[in-house]
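Input: a single structure, listed below in structure tokens.
The values are calculated or read from the model by the stated rules, or taken from the named source; none is laboratory data. On a predicted model such as this, the values are computed, not experimentally measured, just so you know. Neighbour counts are summed over all protein chains in view; Cβ atoms, including those assigned to glycine, are modelled from backbone coordinates with ideal geometry. Ligands, DNA and RNA are excluded from the accessible area calculation, which covers all protein heavy atoms including side chains. Shrake-Rupley method; radii C 1.70, N 1.55, O 1.52, S 1.80 Å.
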Amino acid sequence: MGAAPAYPGFMTRGIDVPENHYYRRVFTDAVRAVEAARTHPLTDASRTAVIGESQGGGISIAVGGLVPDLLAVAPDVPFLCDFPRAVTLTDSGPYREIGLFLRTHRGRTGEALRTLSYFDGVHFAARGRAPALFSTALEDQTCPPSTVFAAFNAWAHEDRSIEVYDFNAHEGGGPYQVAAKLRWLRPRM
């Protein structure tokens, strides 16, 4: 992850250049995990879906943009979306790590946002080739809904929908969203 200065946490590890950023390895590992799961003899590789919440939701968007033949993608209250907006909209962690890093490394905002753009869910969403069910919560201070809508609106596949939980925070829809995902996935399987 390089030896460049970073703020404690993961968001600024390797923020100097995309090749060194922490999430480069995370996203690579996630794609490799899908590839490995598909090789198991009890797996029907044509029926592979990826799901995740928060950071896992952001990772599922990345995998959805990198793996071309998924059955479905279901990111819940996804993190790692629309970095330029998120870092100025919320002071909640982990996005706050970026602001705290830039507080002491003035003049590096452009460089930091350039690196983060390589890991932004909005850009991966533009490559999404599978049906997708997103979820967001309108009182979420960790993953502001506008950042989730940015990724949802960029999702390239025409079969996409979003569940919105008006009075919830980062817990999103909880068990209601689990039930919604199961109802949504069942006819696709």
For mean projected area of the Cα convex hull in nm² the list reads [x] 9.6; [y] 10.5; [z] 17.5; the calculated value is entry [y]
Lys, Arg +1 and Asp, Glu -1 on Cβ, resulting dipole of the chain about Cα centre, debye, nearest 20: 380 debye
State the answer as a single residue: which of 167, 21, 152 lies farthest towards the positive end of the charge dipole of the chain, with beta carbon charges of +1 for Lys and Arg and -1 for Asp and Glu, about the Cα centre. 21
Most mobile listed residue (169, 156, 45) in the chain, GNM with C-alpha springs under 10 Å: 45
Backbone HN-Hα couplings from phi across segment 158-171 [Karplus 6.51/-1.76/1.60, Hz, Gly and Pro as x]: 5, 8, 9, 8, 9, 9, 10, 10, 4, 10, 10, 9, 5, 5
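Hey, what did segment 1-131 get for relative contact order, percent, Cα under 8 Å, at least 6 apart? Can you show the working numbers first?
Values: 206 pairs, mean separation 37.5, N = 131.
About 29 percent, as a whole number.
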Out of 130, 37, 154, a Gaussian network model of the chain with alpha-carbon springs under 10 Å gives the largest mean-square fluctuation to 37
Using only Cα atoms, find the angle between the long axis of helix 145-154 and the longest principal axis of the chain, and express it within 0 to 90 degrees, rounded to the nearest 10. 60 degrees
Applying the Karplus parametrisation 6.51 cos²θ - 1.76 cosθ + 1.60 with θ = phi - 60° to the phi angles of segment 173-189, what ³J(HN,Hα) value in whole Hz is obtained for each residue in order, glycine and proline being reported as x? x, x, x, 5, 6, 4, 5, 4, 5, 5, 4, 6, 6, 3, x, 7, 7
Which net charge results when you count Lys and Arg as +1 and Asp and Glu as -1 among the other residues whose beta-carbon is under 15 Å from that of residue 166? -4
³J(HN,Hα) computed for each position of segment 107-122 - Karplus, 6.51 cos²θ - 1.76 cosθ + 1.60, integer Hz, glycine/proline x: x, 10, 4, x, 4, 5, 5, 4, 4, 5, 4, 6, 10, 7, x, 4
Between 115, 88, 147, where does the largest GNM mean-square fluctuation fall for the chain, given springs only between Cα atoms within less than 10 Å? 88
Solvent-accessible heavy-atom area per residue, rounded to whole Å², over the chain at 1.4 Å: 49 Å²
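Quote the relative contact order of segment 116-189 in percent (integer), defining contacts as alpha-carbon pairs under 8 Å separated by 6+ residues.
Values: 104 pairs, mean separation 26.4, N = 74.
Here the relative contact order equals 36 percent.
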Sorted on mean Cβ neighbours within 10 Å (highest first), peptides 52-65, 132-145 come out as 52-65, 132-145
With label points set 7 Å from each Cα along the Cα-to-Cβ direction at residue 118 and residue 182, the distance between them in nm comes to 4.1 nm
For residue 48, list long-range residues whose amide hydrogen, built 1.01 Å from N in the peptide plane, is under 5 Å from its own amide hydrogen. 71
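Report the chymotrypsin sites (Phe, Trp or Tyr not before Pro) located in segment 147-189 that are in a DSSP loop and have at most 13 other Cβ atoms inside 10 Å of their Cβ, or state none.
Those that pass, being in a loop and sparsely packed, are 167.
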Net length gained if the chain between residue 32 and residue 45 were fully extended (0.36 nm per residue, minus Cα distance): 3.3 nm
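Could you look at the chain and say what percent of its accessible area is carbon and sulfur, using a 1.4 Å probe and all protein chains? Don't skip to the answer; put the middle values down first.
Working: 5030 of 9220 Å².
Carbon plus sulfur share of accessible area: 55 percent.
Largest first, what is the accessible-area ranking of 183, 38 with a 1.4 Å probe?
Values: 183 150, 38 45 Å².
Listed by decreasing accessible area, they come as 183, 38.
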Residue 162's amide H: which non-local residues (gap 5+, or another chain) put their own amide H closer than 5 Å, with H modeled 1.01 Å from N in plane and none for Pro or chain starts? 134
At what distance in angstrom do the alpha carbon centres of segment 60-87 and segment 128-189 lie from each other? 11 Å
Say the dipole of the chain comes from +1 at the beta carbon of Lys and Arg and -1 at that of Asp and Glu; which of 84, 118, 49 then lies farthest toward its positive end? 118
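Going by a ≥ b ≥ c, the root eigenvalues of the Cα gyration tensor, does segment 89-144 fall in the rounded group (a/c under 1.5), the prolate group (a/b larger than b/c) or the oblate group? Numbers along the way, then the final one.
Values: a/c = 4.37, a/b = 1.46, b/c = 3.00.
Oblate, since a/c reaches 1.5 and b/c is not below a/b.
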Which residues qualify? For residue 137, with a placed amide H closer than 5 Å and at least 5 residues away or on another chain, they are 165
